[in-house]
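Asker: Structure incoming, see below.
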Amino acid sequence: MKILVTNDDGIYSDGLWKAVESLKVIGEVVVVAPDREVSGSGGSITLNSPIRAKKIELGTPQITTYAIEGTPADCVILALKKLVGPVDLVVSGINSGANIGTDILVSGTVGATIQSYSKGIPSIAISVTALKPTSFDAAAEFLKGLIQQSQKDIFAQPVLLNINVPNISRDEIKGIEITRLA
């Protein structure tokens, strides 16, 4: 399985690298993320200026990583068309702050996954419901487990999941609730 990981908190985000660590045991992971925080960029794309991509060595060895001067949506478009090629799954996050209700309209985390979902690729936006999370561990563990358990079923067709994990330890999480956007 080839997995593209991006976010809107930027290439240096702890949550992004926690996601990469949890996903690298599942398949080939490639990171294409903004070179800085661009939270609140929604699904915006850059039209009137060049988008620069820089291959960098950062985080986990053996993970191909690009820093992009652009939005999360730019990252996904550039990754799929030029830098990475076809992927089996796109994960955006793990980001700080919940994406709920109409907030998803301005979420760069969700905006990235809308780009990939619209191209027929299963996509997950995942966040911890705190602006300054104490840990990304529970979200990373949940993400890994979801993908491992669902590879053949849920990801057999395009799907967009927006996951919000509470800012608590994995042991404190009492269950999962599946909802629709309200």
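The values are calculated or read from the model by the stated rules, or taken from the named source; none is laboratory data. On a predicted model such as this, the values are computed, not experimentally measured, just so you know. Cβ sites come from the backbone with ideal geometry, for glycine too, and all protein chains shown count toward neighbours. These area figures cover heavy atoms from the full protein model, side chains too; ligands, DNA and RNA do not enter into them. Shrake-Rupley method; radii C 1.70, N 1.55, O 1.52, S 1.80 Å.
Asker: If I fit a long axis through the Cα atoms of helix 14-23 and take the longest principal axis of the Cα atoms of the chain, what angle between them do I get, 0 to 90°, rounded to 10?
Answerer: 80
Asker: Once the Cα atoms of helix 108-117 and of the chain are each reduced to a long axis, what angle between those two axes, in degrees from 0 to 90 to the nearest 10, is obtained?
Answerer: Taking Cα atoms only, the helix is inclined about 80 degrees.
Asker: For the charge dipole of segment 29-182, defined by +1 on Lys and Arg C-beta atoms and -1 on Asp and Glu C-beta atoms about the Cα centroid, which residue among Ile77, Ser44, Ala125 has the Cα displaced farthest towards the positive pole?
Answerer: Farthest towards the positive pole: Ile77.
Asker: For the chain, with a Gaussian network of springs between Cα atoms less than 10 Å apart, report the residue from Gly70, Gly85, Gly93 with the top mean-square fluctuation.
Answerer: Evaluated over the chain, the most mobile residue of the options is Gly85.
Asker: Run the reach check for Lys119 against lysines, Cα to Cα strictly under 30 Å, same-chain hits fewer than 8 apart removed. What comes back?
Answerer: Within the straight-line cut-off, Lys119 pairs with Lys2, Lys18, Lys24, Lys54, Lys55, Lys81, Lys82, Lys144, Lys152.
Asker: Cα gyration tensor of the chain, axes a ≥ b ≥ c as square roots of the eigenvalues: rounded (a/c below 1.5), prolate (a/b > b/c) or oblate?
Answerer: rounded
Asker: Compare Ile56, Ile168, Ile126 in a GNM of the chain, Cα atoms joined below 10 Å, and give the one with the largest fluctuation.
Answerer: Of Ile56, Ile168, Ile126, the Gaussian network model singles out Ile56 as fluctuating most.
Asker: Which longest uninterrupted range of the chain lacks any GluC sites (Glu not before Pro) assigned by DSSP to a loop state (not H, G, I, E or B) and surrounded by at most 10 other Cβ atoms within 10 Å? Provide the component values of the computation, followed by the final result.
Answerer: On the way: sites that count: Glu57, Glu177.
Here the longest segment lacking exposed loop sites spans 58-176.
Asker: With a 1.4 Å probe and every protein chain kept in, tell me what percent of the accessible surface of the chain is carbon plus sulfur.
Answerer: 51
Asker: Next question, about the same structure. Specify the residue with the greatest mean-square fluctuation among Asn164, Asn95, Asn48, computed from a Gaussian network of the chain linking alpha-carbon atoms under 10 Å apart.
Answerer: The residue that fluctuates most here is Asn48.
Asker: If you roll a 1.4 Å probe over the heavy atoms of the protein chains, what accessible area per residue do you get for segment 1-73, in Å²?
Answerer: 47
Asker: Once every DSSP H run of n ≥ 4 in the chain is given -39500 (n - 2.57) and the sum is divided by its residues, what mean residue ellipticity at 222 nm do you get, rounded to the nearest 500 deg cm²/dmol?
Answerer: -6500 deg cm²/dmol, from helical runs alone.
Asker: In degrees, nearest 10, range 0 to 90: what is the angle between the Cα axis of helix 137-150 and the longest Cα principal axis of the chain?
Answerer: Tilt relative to the chain: about 90 degrees.
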